[in-house]
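Have a look at the structure below before the remarks.
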Amino acid sequence: MSESKPPSIVTRFFHACLLILGGIIALAVALELLAQFWGWLALIAGIALMLCAGAWAYRYWWGRR
């Protein structure tokens, strides 16, 4: 069984910096995509909310009779 040395603090710091940079880039891309589609997402969410409210009102209305 070979004994490997743990990575140095400099290597660990460099890898952490790369991971943080990758996270920042991924977040920037996600925000850019969200900025393009937020209107459509809001419309879909509004329609879904109206359908759920309509179904709830229908069940409430016919459940009382």
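No lab work stands behind these numbers, since they all come straight from the coordinates. Since the structure is predicted, the reported quantities are computational estimates derived from the model, not experimental observations.
Summary of values
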read-out: Label of the coordinate-derived value, Cα Rg over 2.2 N^0.38 Å, listed as (i) 1.43; (ii) 2.36; (iii) 1.49; value: (ii)
read-out: Tilt relative to the chain, helix 9-64 - C-alpha long axis, 0 to 90 degrees, to 10; value: 10
read-out: CD proxy at 222 nm, helix term only [per DSSP H run n ≥ 4: -39500 (n - 2.57); per residue of the chain; nearest 500]; value: -32500 deg cm²/dmol
